[in-house]
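See structure below.
The values are calculated or read from the model by the stated rules, or taken from the named source; none is laboratory data. The shown structure was predicted, so the numbers you read here are calculated from the model rather than taken from an experiment. Don't worry about glycine lacking a Cβ; one is built from the backbone with ideal geometry, like all the others, and counts go over all protein chains shown. For the accessible areas, the whole protein counts, side chains as well, though only heavy atoms, and no ligand, DNA or RNA atoms are used. Shrake-Rupley method; radii C 1.70, N 1.55, O 1.52, S 1.80 Å.
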Amino acid sequence: MNLEVFFNPRSIAVVGASRVSGKVGHDVMINLTSSGYSGEVIPINPETDSLLGLPCYPDLASYGKEVDLAIIVVPNEKAIETVKVCLDEGVRGVVVISSGFREMGEEGHELEQKMVEMCKKKAVRLLGPNCMGIINTEVGLNSSFIGRHPEPGSISIFSQSGAVCAAMLDICSARHLGISKMVSIGNKADINEIDLLSWLAKDEKTKVIVGYLEDISAGDAFVKAAEEAAVEKPVIILKSGTTAAGLKAAASHTGVLAGVDTAYGAAFKRSGVVRADTFEALFDYATALALQPLPKGNRILIVTNAGGPGTMAADAVERDGMQVALLENRTVTFLREKLPREAAVNNPIDVLGDADPERYAAAIETAQNDPSVDAILVIMTPQTMTQPAETAMAIAAALDGSKPVVASFMGGQDVLPGRMELSAAGLPDYDTPERAVSALKAMYNYSLWKNRPPRQITHFRVNRRRVERIITRRQRTGRMTIGEVKGKDMLSAYGFKIPTGALAISQEEAVEIAERIGFPVALKIVSPNIIHKSDMGGIQLNLTNGEAVEDAYDLMMLKIKKRAPDARIEGIYVEKMIPRGLEVIIGMNRDPQFGPMLMFGLGGIYVEVLKDVTFHLAPITEAEAIQMLKSTRSYEMLEGSRGQRGVDIQAIAAGLQRISQLTTDFPQITELDINPYIVGDAGTDPIVADVHIGLAKP
Ligand code: COA
C-alpha cells in the first residue's frame, strides 16, 4: 500500500487554517511551518488572505495549483464539502483531523462513510478522521497539533488514540528516544494499522515499530502484515480493552475459557508481535529493542555494586523463565585477579559498594566475552563514593557491543547524572532491575520467534467427506450442535481413537450391546438438549454385568425425566469403558477475528478452578502444539512427577494438530470440546471419552 504521499508530500494545504492562536487549525500551521519542512504549505481560510506570513486562499480551487496532501481542520459538518473540493482539485492524500464522526454515533458514522466513499472513487487514501495527524522527522514534517517536535531517530509509532500519541512523544523525548514517523490513525476509516505495518516494515529509517491499538481491523490481514513486519524489525504493541467485557456466552469449555483477549494474545504470538501489557512496558521494550542487539540466548550476566539488587535481578531472571549465566572457570579466575578479595565473582558479580568506575569496567571487560553469557544487566546504587556519571561512561567504554546490555541505575536524584550518560551512550536504563529483566525477556522472546524453525503443518489422511455429510445433514435439521455419538463419528473420520459403542433405545438393547462389546461398559444419555451429561445424572460408569446395565438404564431414565423433563431423549449410548489414564481437554473456539483458536488444558480442577489452559491459532505445527503443552503450569504432571509415569506428549500434540486440520477444513464448526481426552503411557493412543461440537447457522 503506497502511503508515500502522507510521509513525503511536496505540498500541503491546511483547510481550516485558523487565525486564532490555540485553535487546532492554527497550531497545525505553527507545527508545519516550524518543523523544518521544505515543501510548500498552503493555508486555506475564507476569512483572511494571509496567515503566518503565507498567502492564504478562500478555498483550494482559488489556489489553482496541484497539491499533494490536504489536512482538514474544519468542523465535521463542513468536512464533506471541503474534502469534495480537495478531491476535485486533485489532492493525492487526505488527513481529517476533525472529530464528530463514527465516535459520535450513527449520524457521524454516515458522514464518515460518505467521506471514505468519495475518496475511494478517486483512489485517494484518507487518514483519520478524529486523528492527530502525521509526523515524519526525516523531512521535518509535523502536521499534528502536538506541542513538540520530536527528535529524529529510528522508532516509528502508530496509535489509535491521539492523546496516546502525544503522551508517547513526550515519553520518547524524556527518554531521549528519537522518532522516525508518528501516525495517529484515529477512527481508521480507511488507513489502518495493517496499512501502516506493511508500510513501516519496508521503511528503511524505521528500526522499531511501536503501536497502540484498541481493536484490530481484520484479523487475518493483521496477522499476515504483523508477521511480515516482525520478520524485518521488532513490532511492539499495546492493546487496550483486554478485560472480559467482550466474553460471549458459549456452551463449550473452550469457548468459556477463551476470552476476547486470548485471541489477541494468540494472534500476537503467532505473528511475532512483542506484546506490552502496560504503557510503561511499551517503552521499556521499545528502548531495549531500538538500542541493543538481540540476545542469542537467555543466560544473563548481572554486575552490581550491592547484593540485594543483584538478588532481586537474579530472582526476576528466574521468574521470567531465563537463566542466571553460569560463568566459565576461566572468567571466574580472571575476575578474582581483577576485583577485591571481598567481591563476589560468581554471577551476580558484586563489585562492592565502594566500586569506582574502573572496577565496573574491569568486571564487564572480563565477563562480557564469556561464551556462557547472552546478555548483560548492570546495576548501580548510589553510595557516598559512587560516581554515577563516570561509572556510566566507563561501562559504555568497556562494552564491545556484541551482546545486549541494559542497566538499572537505582535511585532518584543521585543517579540522575549517570542515567543521562547511559542514555547518551545508547544504553537502556530502567528504574528497577525487574523492569530491566522484563525488557531482556521481551528481546529474548522476539529473538526466539525470529529464529524459529520453518513452520511445517502436517496434513493427516482423513475422511473429509464423511464429516462433510454429518455437518450438512445436521445443519439441514436446523440443530446447531453435534453431540457425543455423531461427534465421535466425525473425530474418528479425522483419525481419533474412540471407544467401541452403540446407541440403545431400550433396556434389552443396552444389555445386548454391552454383551457384544464386552464388560465393563459405561452408559451415557443421548439428548440434543443435554450438554453437561454428568450434571443431569446422564452418565454411569464401570458396569460389569447385564443386571448392572439394566438397573443403570432405568435409574438414568428416571433421573433425566425428573431433572430435564423437556429434554428430547434419543437413547442411551452403551460404550466400552476406557482404560485409566490422565484426563486432558483439547478444544477449539472460533474467534470472529482470528479464526480457529485451539485450546489445551489438563482436565478436572486444572481447567475448572485453576484455568490452567493455553491457546494457539490454527493451523498449528507439531512444535507449536508441544509448546502449548509446555506453557501450562501443570506440564510437570504430563511429563510424570512424584513417582507418576508420564503420558504420551506427542500423542496429545497430534490430537491438537488433527483438531487444527478438522476446524480449518470446516469453517462451519464454531466450537469443539474433547473433554475428557484420556491419555496413557507413551506409545498408546489417547481416547476420546466425550465430545461436543457447535456449528454455525448455514
Ligand atoms: N474552508 C476553509 N476554512 C474554513 C472553512 C472552509 N470551508 N470554514 C471555516 N473555516 C475556517 C474558520 O473561519 C476558522 O478560521 P478562524 O478561526 O480564523 O475564523 C477555521 O476554519 C476553523 O473553523 P471553526 O469553525 O472556528 O472551528 P474550530 O477551530 O473551533 O474547530 C475543529 C474545528 C476541526 C478543530 C473541531 O471541529 C474539532 O473537530 N475538534 C476536535 C479535534 C480533535 O480532537 N481531533 C482528534 C484528535 S485525536
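Near the amide H of LEU617, under 5 Å away, which other amide H atoms are found, from residues 5 or more places off or on another chain, if H is placed in the peptide plane?
Hits under the 5 Å cutoff: LEU598.
Give the relative contact order (percent, whole number) for region 14-79; include only Cα pairs under 8 Å separated by 6+ residues.
Numbers: 85 pairs, mean separation 23.0, N = 66.
That works out to 35 percent.
How much accessible surface area, in Å² rounded to 10, belongs to the heavy atoms of TYR264 with a 1.4 Å probe?
About 20 Å², rounded to the nearest 10.
How charged is the neighbourhood of ALA439? Take every other residue with its Cβ under 11 Å from the Cβ of ALA439, and add Lys/Arg as +1 and Asp/Glu as -1. Intermediate values should be presented prior to the final figure.
Details: positive: ARG435, LYS441; negative: GLU280, ASP284, ASP320, ASP429, GLU434.
My count for the surroundings of ALA439 gives -3.
Determine the dipole magnitude for region 19-175: charges of +1 sit on the beta-carbon of Lys and Arg, -1 on that of Asp and Glu, nothing else is charged, the reference point is the Cα centre, and the result goes in debye to the nearest 20. Let's see the in-between values first.
Values: 14 positive and 20 negative charges, 57 e Å.
Using only the charged Cβ atoms, the result is roughly 280 debye.
How large is the dipole of the chain about the Cα centre if only Lys and Arg carry +1 and Asp and Glu carry -1, each at its Cβ, rounded to the nearest 20 debye?
Values: 72 positive and 86 negative charges, 382 e Å.
Approximately 1840 debye in magnitude.
Among GLN540, GLY495, PHE519, which residue has its Cα positioned farthest towards the positive end of the charge dipole of region 464-576, with +1 placed on the Cβ of Lys and Arg, -1 on the Cβ of Asp and Glu, and the dipole taken about the Cα centre?
Result: GLY495, furthest along the dipole toward the positive end.
Between the DSSP loop rule and a limit of at most 14 other Cβ atoms within 10 Å, which GluC sites (Glu not before Pro) in region 338-388 are left? Can you show the working numbers first?
On the way: sites: GLU342, GLU358, GLU365; in loops: GLU342.
Sparse-neighbourhood loop GluC sites (Glu not before Pro): GLU342.
Please give the length that would be gained between ASP315 and ASP681 if that part of the chain were fully extended, namely 0.36 nm times their separation in residues minus their C-alpha to C-alpha distance (nm, one decimal). If you can, show how the numbers build up before the last one.
Details: separation 366, 0.36 × 366 = 131.76 nm, distance 3.55 nm.
Here the segment from ASP315 to ASP681 would lengthen by 128.2 nm.
List the extent of the Cα atoms of region 293-450 along each of their three principal axes, largest first, rounded to whole Å.
Answer, in whole Å and largest first: 43, 34, 27 Å.
Over the heavy atoms of HIS459, what accessible area does a 1.4 Å probe trace out, to the nearest 10 Å²?
150
Where only protein heavy atoms count, and the probe is 1.4 Å, what is the accessible area per residue for region 28-156 in Å²?
Working: 5800 Å² over 129 residues.
Per residue, region 28-156 has an accessible area of 45 Å².
Carbon-plus-sulfur fraction of the accessible area of region 464-576, 1.4 Å probe, in percent?
Numbers: 2830 of 5910 Å².
Within region 464-576, the accessible surface is 48 percent carbon and sulfur.
Going from most exposed to least, what order do MET29, MET480 have by accessible area with a 1.4 Å probe?
Values: MET29 0, MET480 45 Å².
Sorted by accessible area, descending: MET480, MET29.
Quick one: in the chain, what % of C-alpha pairs are over 43 Å apart?
Values: 105637 of 243253 pairs.
Result for the distance tail: 43 percent.
What residue among GLY308, SER173, VAL231 has its Cα farthest toward the positive end of the dipole of the chain, where the charges are +1 on Lys, Arg and -1 on Asp, Glu, each on the Cβ?
VAL231
Only loop residues by DSSP count here, and only those with at most 16 other Cβ atoms within 10 Å; note down the trypsin sites (Lys or Arg not before Pro) in region 1-83 that meet that. Walk me through the numbers before you get to the answer.
Details: sites: ARG10, ARG19, LYS23, LYS65, LYS78; in loops: ARG10, ARG19, LYS23, LYS65.
Answer by residue number: ARG10, ARG19, LYS23, LYS65.
Kindly report the accessible area of region 293-450 per residue (heavy atoms of protein chains, probe 1.4 Å, no ligands, DNA or RNA), in Å². Don't skip to the end; give the middle numbers.
Numbers: 6540 Å² over 158 residues.
The answer is 41 Å² per residue.
Considering the options PRO340, MET380, THR458, tell which one lies farthest towards the positive end of the dipole of region 338-458, charges being +1 on Lys and Arg and -1 on Asp and Glu at the Cβ, about the Cα centre.
THR458
Could you check the spin-label model distance between ALA502 and LEU610? Points 7 Å from the Cα along Cα→Cβ, value in nm.
The answer from the label model is 4.2 nm.
Measuring from label point to label point, each 7 Å out along Cα→Cβ, what is the THR432 to ARG465 span in nm?
6.3
How far, in degrees from 0 to 90, does helix 279-291 lean away from the longest principal axis of the Cα atoms of the chain, to the nearest 10?
70
How charged is the neighbourhood of ASP400? Take every other residue with its Cβ under 14 Å from the Cβ of ASP400, and add Lys/Arg as +1 and Asp/Glu as -1.
Details: positive: LYS403; negative: GLU365, ASP370.
Result for the local shell: -1.
Would you kindly derive the ³J(HN,Hα) couplings of region 213-220 from the backbone phi angles with the Karplus curve 6.51 cos²θ - 1.76 cosθ + 1.60 (θ = phi - 60°), listing them in order in whole Hz, with x for Gly and Pro?
Listing the rounded values in order: 10, 10, 8, 10, 6, 8, x, 4 Hz.
How far apart, in nanometres, would the label points at LYS224 and ARG563 be if each is projected 7 angstrom from Cα along the Cα-to-Cβ direction?
It is 4.8 nm.
Rg to Rh ratio, region 54-146, alpha-carbon atoms and Kirkwood radius?
Ratio of gyration radius to Kirkwood radius for region 54-146: 0.96.
Hey, any idea what % of region 582-695's accessible area is carbon plus sulfur with a 1.4 Å probe? Present the calculation step by step, with values, prior to reporting the outcome.
Details: 2080 of 4190 Å².
Looking at region 582-695 in its full context, I get 50 percent from C and S.
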